[in-house]
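Data first, discussion second: the structure below is written as structure tokens.
Quick note: the coordinates plus some simple rules give every number you see, no bench work behind them. Here the structure is a predicted model, which means the values were calculated and not measured. When we count neighbours, we look across all protein chains shown, and the Cβ atoms used for this are built from the backbone with ideal geometry, even at glycine.
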Number of protein chains: 4
Amino acid sequence: MEKNRVEAFSDGLFAIVATLLVIELKLPDGPSVWLDLLSIGPKILAFVLSFLIVTMYWVAHHSMFNFVSRVDRNLLWLNNLSLLCVSFIPFPTAVLGNHPQDPNAIALYGITLILVNVTDTLAWSYAARKPELSGKHLTPHIATLVTRLHLSPVAAYTVAIVAGRFQPLLSLAIFVCVPLFFIIPNRWVSGNIRSSVK
Amino acid sequence: MEKNRVEAFSDGLFAIVATLLVIELKLPDGPSVWLDLLSIGPKILAFVLSFLIVTMYWVAHHSMFNFVSRVDRNLLWLNNLSLLCVSFIPFPTAVLGNHPQDPNAIALYGITLILVNVTDTLAWSYAARKPELSGKHLTPHIATLVTRLHLSPVAAYTVAIVAGRFQPLLSLAIFVCVPLFFIIPNRWVSGNIRSSVK
Amino acid sequence: MEKNRVEAFSDGLFAIVATLLVIELKLPDGPSVWLDLLSIGPKILAFVLSFLIVTMYWVAHHSMFNFVSRVDRNLLWLNNLSLLCVSFIPFPTAVLGNHPQDPNAIALYGITLILVNVTDTLAWSYAARKPELSGKHLTPHIATLVTRLHLSPVAAYTVAIVAGRFQPLLSLAIFVCVPLFFIIPNRWVSGNIRSSVK
Amino acid sequence: MEKNRVEAFSDGLFAIVATLLVIELKLPDGPSVWLDLLSIGPKILAFVLSFLIVTMYWVAHHSMFNFVSRVDRNLLWLNNLSLLCVSFIPFPTAVLGNHPQDPNAIALYGITLILVNVTDTLAWSYAARKPELSGKHLTPHIATLVTRLHLSPVAAYTVAIVAGRFQPLLSLAIFVCVPLFFIIPNRWVSGNIRSSVK
């Protein structure tokens, strides 16, 4: 299987997942359009949050595959496993939009995201350990940095899941901060990226 | 991130949004197919309108990226922000199809389109100001022309939103005219495009 | 706009339309899975029919673009107009699946298909008349053959619409025969294609 | 029709089918999110199962097309026939998720998968028999191995359909084992693949 093929399939899947999220948004048949819109405010926020998170994963997927030069059967299926978790995201997004302060809805959302990061990291660790899959320019130092970037959100998501039992709003704030942390230019991310690209 | 990648992802997303619009169309279980069709006439018109607008944005996105030679992290996320607004379009389209003369439905539709144009222009302004992202053949004159083409619909959408309070049909006419203005060959658009391509 | 771009966007749209058709299929909550399946038999047949028709249009679109070397603004929008009609197909398919013997459902389905063929032919006629868009190897003889292949189904669809008033089953048979005519190898199609490729 | 085109269209369709599966997942409005999630457990499992099966078919499709160098009109339509069956998968998946122990739901699911394998094998047999479509490096030995890999699941699915009358859980176990058999590295698959690639 050529690398280009796997990337094109993954890109398509990320684009479809990002776009499918909007299907969940339906205006209820209430007294006025304005009040109806307010009533689904949490669903709209969940849509925006998940769109940012899915595109964040897409960017991460690309950065990762920049260091992959060949795809073998195992890497292919570890990647498919990660895509399975990504394609599941619209469901916990809808649940969270309907029950934004429910600890179990928060846990479902967090666990799904953790699974994406873990399977992503599994695929990366496998590729990084095999010199015939990752290119020559991948040093152990870079491999560790990329793994750290991929695993760091897991800690945040875990805190969000636990906090959901006591302070649901804190959990939601954490979910929002993770993509913002990777989107808004900051030293930690750009420092790690720069030293991994060098 | 290579420019090709970003374009392929954006193309996929535009194609999916354009196609998802039809999902909203459901024939009610009325007395006759003919009368049922008439009853959802506004939804069908909203579908056609949004399809034209989404493909108009797709064409604009391409014209813009013709002048971009490289994509950095900030441009990538400004583009994702614009795609977020594009992927939201099916929702206000459905609301407008259900409440075609409601001022708030018109405002929601107009605001969504304004957000697409504004984020699009943000991405463009960022790229145009950095010589390492835009190619050498981009003169300040062209940069201004492209910005003007991208921002001009904002004025029309604003008028449509205000007019929605008094004359909803006028608002709908304005929404229809914007894509037609870019589709039907005319001097203003082709003049600006020609002078920007030269 | 490069030709490759337009083809990739069109390919994506055809693939999404073909796949969205299945969303309409929902098993009712009846007494037994077997009887429920029988009760939605017409919807399943409408799904299969429309899938074949959409892929037939995809193949026709490709054959046509083989003779196109460049895309200008007008051809781009004529192509978008044709894609608009294609992206509408899931709706009349659902209506036909729900009311398989209703003359108006048959008319809606037939008119949609006619619009695809007419807009397709408009795009082709425009491209064929401009030597800078179609390549040098396009002779007037081939241009006429392609036009004939694209317009011939219009006659069949018109007969189907009229027959729907008296013999709905005859209409459905005609709808089924059109894609089969292009799929199953036969002299008329292959003769026209061969002489146009020569 | 160029081979690349057919592959890109097929890739897009596989990615969309894999992603559409999640649309079926809706949380019922029950007493608690946790109990509601448990109540749709079978649907979630059906989603995971079908995602693995669709990506398995995608991998098989690629392996097959590695040996195809040119696509003629017949191969194109045999491929489309196979894609028709693939695009149908979300429907039996939803039925199985709703009636996981119903013999008819199991039969519908199994028959759909058998149709994918049979049409896939038809396309392959046609391509393998024509030297102008398959490349020179395809020996009769490899052609037989690929056919065997594509047809072997049919036997398993048939057993699952029959077992569904007596032991529905056994059928489900068989459905799960087929993709796992191709995903988890094992001698039979890798031996066949290795000897076919040599």
Point to revise | Cα gyration tensor, the protein assembly as shown - rounded (a/c under 1.5), prolate or oblate | key: rounded
Practice item. Give me a single rounded figure for B:50-61: the average over its residues of other chain Cβ atoms within 10 Å of their Cβ. Key: 3
Point to revise | Shielding of B:22-34 by partner chains, average beta-carbon count, 10 Å | key: 5
Review point. Spin-label point model (7 Å from Cα, Cβ direction): what's the residue C:176 to residue A:141 distance in nm?
Key: 7.0
Review point. What is the distance in Å between the Cα centres of region D:1-73 and region C:69-83?
Key: 32
Review point. Rounded, prolate or oblate: which fits chain C when a ≥ b ≥ c are the square roots of the eigenvalues of the alpha-carbon gyration tensor, with rounded for a/c under 1.5 and prolate only if a/b beats b/c?
Key: prolate
**Study point:** Helix-only mean residue ellipticity at 222 nm for the protein assembly as shown, each DSSP H run of n ≥ 4 adding -39500 (n - 2.57), per residue, nearest 500
**Key:** -26000 deg cm²/dmol
Exercise for review: Please identify, among A:184, A:161, A:44, the residue showing maximal mean-square fluctuation in a Gaussian network model of chain A using a 10 angstrom Cα cutoff.
Suggested key: A:184
Revision key, fill the gap. So for R0 = 22 Å, FRET eff. of residue B:45-residue C:73 from the Cβ-Cβ r, to 0.05, ends up at 0.35
Exercise for review: Note down the magnitude of the dipole of the protein assembly as shown about its Cα centre, charges +1 on Lys and Arg C-beta and -1 on Asp and Glu C-beta and zero elsewhere, to the nearest 20 debye.
Suggested key: 2600
Exercise for review: Pop a pseudo-label 7 angstrom from the Cα along the beta-carbon direction at both residue C:111 and residue B:151 and give the gap in nm to one decimal.
Suggested key: 4.3
Check your understanding: Pairs B:3/B:26; D:3/D:43; B:3/B:130; D:3/D:26; A:3/B:130: which exceed 27 Å Cα-Cα?
Key -> B:3/B:26; D:3/D:43; D:3/D:26; A:3/B:130
Point to revise | Relative contact order computed over chain D (Cα-Cα under 8 Å; 6+ residues apart), in percent | key: 23
Practice item. May I ask you to derive the FRET efficiency for residue C:122 and residue D:125 from their Cβ-Cβ distance with R0 = 51 Å, giving the value to the nearest 0.05? Key: 0.80
Practice item. May I ask you to list, by number, the DSSP H helices of chain B whose Cα span along the axis is at least 20 Å and whose average Kyte-Doolittle hydropathy reaches -1.0 or more? Key: B:3-20, B:41-65, B:73-88, B:103-129, B:140-163, B:168-183
Study note, to complete from the structure: Among trypsin sites (Lys or Arg not before Pro) in region D:59-146, those in a DSSP loop whose Cβ has at most 10 other Cβ atoms within 10 Å are D:136
Point to revise | Under 5 Å, built H, 5+ apart or other chain: amide partners of residue A:134 | key: A:69
